[in-house]
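No lab work stands behind these numbers, since they all come straight from the coordinates. What you see is a predicted model; the values in this text were computed from it and never measured. Methodologically, a virtual Cβ is constructed for each residue, glycine included, from the backbone with ideal geometry; neighbour enumeration extends over all protein chains shown.
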Amino acid sequence: MTSLRAAVPAPLHGLARRGYLEVGRATAGRRNPPGMILVGASRSGTTSLFRALNDHPDVSPPPVNKGVRYFDLNYGRPWDWYLGHFPLRRSHRSTPILTYEASGYYLFHPVAVPRIAQHLPDAKIVVILRNPVERAYSAWKHESARGFEWEPFERALALEDERLEGEVERMRRDVRYQSFCHRHHSHRGRGEYAGQLERIYAHFPRTQVHVIQSERFFENGAQEYARLTEFLGLRPNQPASFGRHNARPSSPMPVALQRRLEAHYQPHNERLESLLGEAVAWG
């Protein structure tokens, strides 16, 4: 499906987006709510997986943006605002369309998953995880390039607990509160996957949750994609490619710092393996 961004000239993106959403809200009752949510983790291949899924003829993302960001950043908005992002139901199709959205922040956000469960209890949840050491370094590079991080990597890690102190409590108390530090400075915390996956399992049955390991997806995309489409109940299909998107090449992480992060993540990885019932690809 062609996105609104691709179909409209760049100078008109804002106007087209506002017009689409106004029409969307007015026709919210005829929109097809998402049957699947790709919740992250960020910097783990969510964009690459999103693009591969969009090659499937029976899948439709939001026409405006990859992620609507309703359950993390826009929860104060009305429900019809959310529904207005999705395509209209297509009664003439013999094969149902699976609508979905993706946000790499949903997995780590403290209340996004409970909110998804409240509004979309039957939705399927897809998680993609990456070696947490590499993910942390990639996240730091990404946030630095965007101007949201200004500390060297080692210093940013040392400051992380201080920067995030009290932020989760503020987010829980106020649905409109957006924590800059929680969103942009949680380089290490986002890789502590076990607790985040336990939160998903507390709100969704395991039959509705599919976990992909990023390294295996990029090593054997066809096999992992086939497993995903089977989980989603889609007919077999192979995308044109499984390319990496949004990668940021740079100098390697200092070895001593890498070793410290590996030691930090070891107990989290062991808990994750117990939850998954399989070894992690980076172990």
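Per-residue 3J(HN,Hα) values for the range 38-44, derived from phi via the Karplus relation 6.51 cos²θ - 1.76 cosθ + 1.60 with θ = phi - 60°, read 8, 9, x, 7, 5, 6, 10 Hz in sequence order (x marks Gly and Pro). Counting Lys and Arg as +1 and Asp and Glu as -1 over every other residue whose Cβ lies under 15 Å from the Cβ of residue 281, the net charge comes to -4. Tally Lys/Arg at +1 and Asp/Glu at -1 over every other residue whose Cβ is under 13 Å from the Cβ of residue 35; what's the total? That sum, taken over residues with Cβ under 13 Å, equals 0.
When peptides 104-115, 170-181, 265-276 are ranked by their average number of other Cβ atoms within 10 Å per residue, the highest-first order is 104-115, 265-276, 170-181. Taking amide H positions as modeled 1.01 Å from N, with prolines and chain starts lacking one, the residues under 5 Å from residue 101 and 5 or more places away or on another chain are 36, 38.
Each residue of the range 112-129 is assigned a 3J(HN,Hα), and the resulting list reads 5, 5, x, 5, 4, 4, 5, 8, 10, x, 9, 5, 8, 10, 10, 10, 10, 10 Hz, derived from the Karplus form 6.51 cos²θ - 1.76 cosθ + 1.60 (θ = phi - 60°), x at Gly and Pro. Between residue 276 and residue 176, the distance separating the two model label sites (each 7 Å from Cα on the Cα→Cβ line) works out to 4.0 nm.
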